[in-house]
Amino acid sequence: MAHDAESADAALPFHVQENRRYWDEMAHEWVGGGERAWARDEPDWGIWGVPEHELDLLPADMRGLDAVELGCGTGYVSAWMARRGARVTGIDNSAEQLATARRLAAEHGIDLTLVHGDAEATPFADASFDFAISEYGAAIWCDPERWLPEAHRILRPGGRLVFLGHHPWAQVCAPLDGSPVVQRMERPYFELGRLDWTEATIEPGGVEFNLTVSDWFALFRRVGFAVEDYREPRPDPGDDAEDRFFVTRGWARRFPSEQVWKLRKL
């Protein structure tokens, strides 16, 4: 069985394999954050904890909806949807992250279906879900040319997809060595796409993806999504020097560090 799993992993694209290795190795660093997020009844979003009432990422009443979280990590977004009445499935590339999600689901008494797999090629049937969401899951770690058509396939007609991840500006201004963003361009905007952090000298990471805003729009049109809303979350005022991941609060007060897309399947 172990040999079969290794063979299956070897057949995956490099970025899927690398991101699986990366997240399995660092899953322990996200346990505490996952536990705190599971304990919250009201969602907040992204690296700055922008409250749900400002962004409206989730329907207030999800009773009767089949929902899927693409790249669910420790599963707290899935839990928030389940508490709103949805039947929830979460899929994640990291078995270690899912182990935390399963433990927390049991501790909180929340029924989730959790699947170890690749959000670019899910095992789900066509038109299985009414609502799909990704907060820093598939939204940044999967190839949008692959995961967006897959999300479209598994949504029912009129189904909605919401995702939140890095803003293109933040990644244009992110030094290639992995240090925090700066107020100058570090890479060409029009060359965004695959962002490989595996060789970064400061906190080397996995392989991320982002697009120019116009390329996002073009991809949505090709896949068959209509854009219902676009947001650029901004942190509240505070200590400008506060550093979260690779962005300081002061930078994110001046420039967009995150983006939210709200889409509907045509």
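The values are calculated or read from the model by the stated rules, or taken from the named source; none is laboratory data. Being a predicted model, the structure only gives us computed values, none of them experimental. We place every Cβ from the backbone using ideal geometry, glycine too, and count neighbours over all the protein chains shown.
Can you find a residue that is of a type outside the set (D, E, K, R) and farther than 25 Å from GLY224 by Cα anywhere in the range 138-151? The answer is no; no qualifying residue exists. Since PHE163 meets every condition but one in (1) surrounded by fewer than 18 Cβ atoms within 10 Å (Cβ to Cβ); (2) closer than 22 Å to GLU120 by Cα; (3) among the aromatic types (Phe, Trp, Tyr), which condition does it not meet? (1) is the only condition that PHE163 fails. For the range 23-60, a residue qualifies if it is closer than 30 Å to TYR230 by Cβ, in a helix (DSSP H, G or I), touching a helix residue (DSSP H, G or I) at 6+ places or on another chain (Cβ under 9 Å) and not charged (D, E, K, R), and the qualifying residues are TRP23, TRP30, GLY33, GLY34, ALA37, TRP38. Could you grab me the full set of residues in the range 219-248 that are among the hydrophobic types (A, V, I, L, M, F, W, C) and at pLDDT 95 or above? Of everything in the range 219-248, those that are among the hydrophobic types (A, V, I, L, M, F, W, C) and at pLDDT 95 or above turn out to be LEU219, PHE220, VAL223, PHE225, ALA226, VAL227, VAL247. Which is over 28 Å from SER78 (Cα atoms) and outside any loop (DSSP other than H, G, I, E, B), of PHE131, PHE190? Testing whether each residue is over 28 Å from SER78 (Cα atoms) and outside any loop (DSSP other than H, G, I, E, B) leaves just PHE190.
Selection of the range 1-27 for residues being hydroxyl-bearing (Ser, Thr, Tyr) and modelled with pLDDT under 95 yields only SER7.
Yes/no matrix, rows are residues, columns are (1) surrounded by fewer than 20 Cβ atoms within 10 Å (Cβ to Cβ); (2) farther than 27 Å from ARG194 by Cα:
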| position | (1), (2) |
| --- | --- |
| ARG84 | yes, yes |
| VAL88 | no, yes |
| ASP111 | yes, yes |
| SER128 | yes, yes |
| TRP147 | no, no |
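State whether one or more residues within the range 183-195 are touching a residue at least 40 places away in the same chain (Cβ under 8 Å), in contact with a strand residue (DSSP E or B) (Cβ under 9 Å, 6 or more places away or on another chain) and surrounded by 12 or more Cβ atoms within 10 Å (Cβ to Cβ). For the range 183-195, residues touching a residue at least 40 places away in the same chain (Cβ under 8 Å), in contact with a strand residue (DSSP E or B) (Cβ under 9 Å, 6 or more places away or on another chain) and surrounded by 12 or more Cβ atoms within 10 Å (Cβ to Cβ): absent. Pull up the range 7-38, narrow it to residues that are in contact with a Lys or Arg (Cβ under 8 Å, 6 or more places away or on another chain) and in contact (Cβ under 8 Å) with a residue 24 or more places away in the chain, then point me to the one that is surrounded by the most Cβ atoms within 10 Å (Cβ to Cβ). Ranking the qualifying residues of the range 7-38, first place goes to HIS15. Scanning the range 61-84 for residues that are outside any loop (DSSP other than H, G, I, E, B) and under 12 Å from GLY34 (Cβ atoms) gives TYR76, VAL77, SER78, ALA79. Looking only at the range 137-156, residues that are under 11 Å from the mean Cα position of the chain (by Cα) and within 12 Å of ASN210 (Cβ to Cβ) come to 4 in all. All conditions in (1) among the charged types (D, E, K, R); (2) in contact with a His (Cβ under 8 Å, 6 or more places away or on another chain); (3) farther than 25 Å from LEU57 by Cβ hold for ASP240, with the sole exception of (2). Being closer than 30 Å to PHE131 by Cα, of a type in the set (Lys, Arg) and either at pLDDT 95 or above or touching a helix residue (DSSP H, G or I) at 6+ places or on another chain (Cβ under 9 Å) (or both) is not true of ARG187.
Among residues of the range 156-175 that are under 12 Å from TYR189 (Cβ atoms), those with a beta-carbon under 8 Å from a residue that is among the hydroxyl-bearing types (Ser, Thr, Tyr) at least six positions away or on a different chain give the pairs HIS167/SER257; PRO168/TYR189; PRO168/THR212; TRP169/SER257; ALA170/SER257; VAL172/TYR189.
Restricting attention to the range 198-244, the residues being under 17 Å from the mean Cα position of the chain (by Cα), assigned to a loop (DSSP other than H, G, I, E, B) and surrounded by 14 or more Cβ atoms within 10 Å (Cβ to Cβ) number 5.
Given the criteria of a type in the set (S, T, N, Q) and part of a loop (DSSP other than H, G, I, E, B), does THR100 qualify? For THR100, the condition - of a type in the set (S, T, N, Q) and part of a loop (DSSP other than H, G, I, E, B) - is not met.
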